[in-house]
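Below: the structure, in structure tokens.
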Amino acid sequence: MIHKTIIEPFKIKSVEPIYLTTEQERLELIEAAHYNPFLLHSTDVIIDLLTDSGTSAMSSEQWAGIMRGDESYAGSQSWFKMYDAVYSLTGMKHILPTHQGRAGERIVYSHLGGPGKVFFSNTHFDTTRANIEFYGATAIDIPTQEAKDTSLIRPFKGNMDVDKLEELIKHYGASNIGAVILTVTNNSGGGQPVSMQNAHQIRKVCNQYDILFLLDCCRIAENSYFIKHREEGMENKSYVEIAREMFNLADGAIMSAKKDALVNMGGFVALRDDALFEELTSLLIITEGFTTYGGLSGRDMEALAIGLKEIFDPHYLEYRVKSTAYLGEHLHQMGVPIMLPTGGHAVYIDAKKLYPNIPPHEYPGQALVVELYKIGGIRAVEIGSVMFGKYSDGGQLIPAAAELVRLAIPRRVYTQSHIEYVIETFSNIMRNREHVRGYEIVEEPKFLRHFTAKFQPL
Ligand code: F0G
């Protein structure tokens, strides 16, 4: 018999309690957190869908690796294992270990960027953009036109608009381009995948204008799953082969290993170019650590090396992508406006469509995030004008391109009934949608304001 039910392809060996708060308690807790879920204590959250980053459950093999970790300052055995795992996947011989993705970003973009430089991406993740802008350069998002319509079903809505890329390279002048960054999957663009064809086209343009092509590859395994099942000619390749083929097209890669390497902390920069590697090595040593540990403990590197292999297990990837799609399908069926099709690591809700009565400057995404917490103790993240909004010189909000809320699913952490609970919470959200009001920001920092901004209901 062929079973239709896709089960979690793992058993639970160690558990953590979830504390069940009441709705009354949550009203007080979210007010005390200034209506910003980043300011909540994790024990006050029932289902934590804030991020899939660093929240994975490690395998027993990874935990065994933690005990084996070699904590030597130089030449650690764990480093060589991490090096081999990253090299065998990326084919890039120069590897810099970093404590997480943004540490790699800082090292790379502080060197390649600066005033007058321009970077292009299908969509820069918020820390990527912040690291580019912090050093005075400009970050421009050029997602495919298809991505604009959240209800349109297309296989690769994470793609970059390659015509636009070429047009902008001509406009700014090739020598001013810091790099082209392809984010796979496209996290801020809805967790949508990028096709191999798109990567080939970008390679061609970068060759023509002699521009560096970087992959932001933190969800490369999930992206490979979509390529295998959606792109013509790729169906007979393994997930690892597909990932290798994509790395082969790039000059370098930055990975936050907190996603598809199944670790709680870690990352790397991988490069082909000797001179660039030499420059970046100095920066690594100044702020992260010596070349054979970067910002990591030996045990972290050991777990990373194991996780980077486990992630390509076909049974795991099928469960991962299909269980995320299950949540998406159920929300879609009950009329929740989600970004279609469902992405790999998360379901994105179009808060502008859910709450058409709340204008962008009253932050509809923030309103939904607060509702989810109040009603279900669910923590999610706004990816809209709170995260990406800017102010004009006159102090008016320039809204983000979309008002999304992300339900990110930690890897191997929640079971089917947790997901059913989320679906049930949404039926309540739908019933209550007319009564929800917007928010104003009462305090905010200059960079990455969504982490610490304080809000007040209108
Ligand atoms: N690039 C992408 C596409 C990301 O999604 C992230 C992190 C980073 C870079 C930075 O990596 O956190 O290890 O420094 N994304 C997390 C998220 C935070 O919730 O999506 P980091």
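Apply the a/c threshold of 1.5 to the C-alpha gyration tensor of the stretch 400-458 and tell me whether it is rounded, prolate or oblate.
Details: a/c = 2.67, a/b = 1.42, b/c = 1.88.
Judged from the Cα gyration tensor, the stretch 400-458 comes out oblate (a/c at least 1.5, b/c at or above a/b).
For a quick protection proxy, order the peptides 147-156, 239-248, 115-124, 212-221 by their average other-Cβ count within 10 Å, most packed first.
Values: 147-156: 15.4, 239-248: 19.0, 115-124: 21.8, 212-221: 26.5.
Top to bottom by mean Cβ count within 10 Å: 212-221, 115-124, 239-248, 147-156.
Measuring from label point to label point, each 7 Å out along Cα→Cβ, what is the residue 390 to residue 3 span in nm?
A separation of 5.2 nm, rounded to one decimal place.
In deg cm²/dmol, rounded to 500, what helix-only [θ] at 222 nm does the chain give when every DSSP H run of at least 4 residues adds -39500 (n - 2.57) and the total is split over its residues? Spell out each step's value before the answer.
Values: 16 runs with 185 residues, N = 458.
That calculation yields -12500 deg cm²/dmol at 222 nm.
Taking a label point 7 Å from the Cα of residue 174 along the Cα→Cβ vector, which residues of the stretch 188-215 have an amide N closer than 14 Å to it?
Only 203-213 fall inside the zone, counting backbone N under 14 Å.
Starting with the highest mean, order 77-89, 339-351 by the number of other Cβ atoms within 10 Å, averaged over the residues of each peptide. Spell out each step's value before the answer.
On the way: 77-89: 19.8, 339-351: 25.7.
Sorting 77-89, 339-351 by mean packing, highest first, produces 339-351, 77-89.
About its Cα centre, what dipole magnitude does the chain give when the only charges are +1 on Lys and Arg Cβ and -1 on Asp and Glu Cβ, stated in debye to the nearest 20?
Working: 44 positive and 56 negative charges, 87 e Å.
For the chain, the charge dipole is close to 420 debye.
Over the stretch 60-310, what is the relative contact order in whole percent, taking alpha-carbon pairs under 8 Å and six or more residues apart?
For the stretch 60-310, the relative contact order is 32 percent.
Order these peptides, 388-394, 270-276, 137-143, 100-106, by their mean beta-carbon neighbour count within 10 angstrom, highest first.
Working: 388-394: 11.1, 270-276: 16.7, 137-143: 19.6, 100-106: 24.6.
Ranked from most to least packed, the peptides come out as 100-106, 137-143, 270-276, 388-394.
Treat every Asp and Glu Cβ in the stretch 233-290 as -1 and every Lys and Arg Cβ as +1, leave all other atoms uncharged, and give the resulting dipole magnitude about the Cα centre to the nearest 20 debye. Mind showing how you got there, number by number?
On the way: 5 positive and 10 negative charges, 61 e Å.
Approximately 300 debye in magnitude.
Past 23 Å, Cα to Cα: identify those pairs from 4/322; 81/258; 11/322; 258/352, in the order given.
Working: 4/322 12 Å; 81/258 17 Å; 11/322 18 Å; 258/352 30 Å.
Over 23 Å Cα-Cα: 258/352.
Would the chain count as rounded, prolate or oblate if I go by the C-alpha gyration tensor, calling it rounded below 1.5 in a/c and otherwise prolate when a/b exceeds b/c, oblate otherwise?
On the way: a/c = 1.44, a/b = 1.21, b/c = 1.19.
It comes out rounded by the Cα gyration axes.
With each label point set 7 Å from Cα along the Cα-Cβ vector, what nm distance links residue 397 and residue 282?
Result: 4.4 nm between the two label points.
What trypsin sites (Lys or Arg not before Pro) in the stretch 1-65 are in a loop by DSSP, with at most 13 other Cβ atoms within 10 Å of the Cβ?
Values: sites: 4, 11, 13, 26; in loops: 4, 11, 13.
Those satisfying the criteria are 4, 11, 13.
Using the basic label-point model (7 angstrom from Cα toward the beta carbon), what is the residue 72 to residue 428 distance in nanometres?
5.6
What FRET efficiency would be calculated for the residue pair residue 315, residue 84, taking the C-beta separation as r and a Förster radius of 22 Å, to the nearest 0.05? Can you show the working numbers first?
Values: r = 24 Å, r/R0 = 1.09.
Here the calculated transfer efficiency is 0.40.
Residues of the stretch 206-237 with the amide nitrogen closer than 17 Å to a label point 7 Å from the Cα of residue 146, along Cα-to-Cβ, please.
It comes to 223-235, nothing else.
Put +1 on the Cβ of each Lys and Arg and -1 on the Cβ of each Asp and Glu in the stretch 60-310; which of 185, 160, 147 then has its Cα farthest toward the positive end of the dipole?
147
Can you pick out the pairs among 353/390; 93/164; 157/204; 93/237; 93/204 whose Cα atoms lie more than 27 Å from each other? Display every interim value, and only then the final one.
Numbers: 353/390 21 Å; 93/164 32 Å; 157/204 20 Å; 93/237 24 Å; 93/204 22 Å.
From the list (353/390; 93/164; 157/204; 93/237; 93/204), the Cα-Cα distance tops 27 Å for 93/164.
Taking only C-alpha pairs under 8 Å that are 6+ residues apart, what is the relative contact order of the chain in percent? Mind showing how you got there, number by number?
Numbers: 956 pairs, mean separation 105.6, N = 458.
Relative CO of the chain lands at 23 percent.
Of 263, 413, how do they rank once you tally other Cβ atoms within 10 Å and put the fewest first?
Final ranking by Cβ density, sparse to dense: 413, 263.
Quick check: from the Cα gyration tensor, does the stretch 60-310 come out rounded (a/c under 1.5), prolate or oblate? Could the numbers behind the result be given before it?
Numbers: a/c = 1.96, a/b = 1.29, b/c = 1.52.
Oblate shape, in that a/c is at least 1.5 and b/c is the bigger or equal ratio.
What's the center-to-center distance, using Cα atoms, between the stretch 2-75 and the stretch 306-352 in Å?
17
Where a number appears in this text, it was derived from the coordinates with a stated rule and is not lab data. Remember, predicted model here, so these are calculated numbers, not experimental data. Neighbour counts are summed over all protein chains in view; Cβ atoms, including those assigned to glycine, are modelled from backbone coordinates with ideal geometry.
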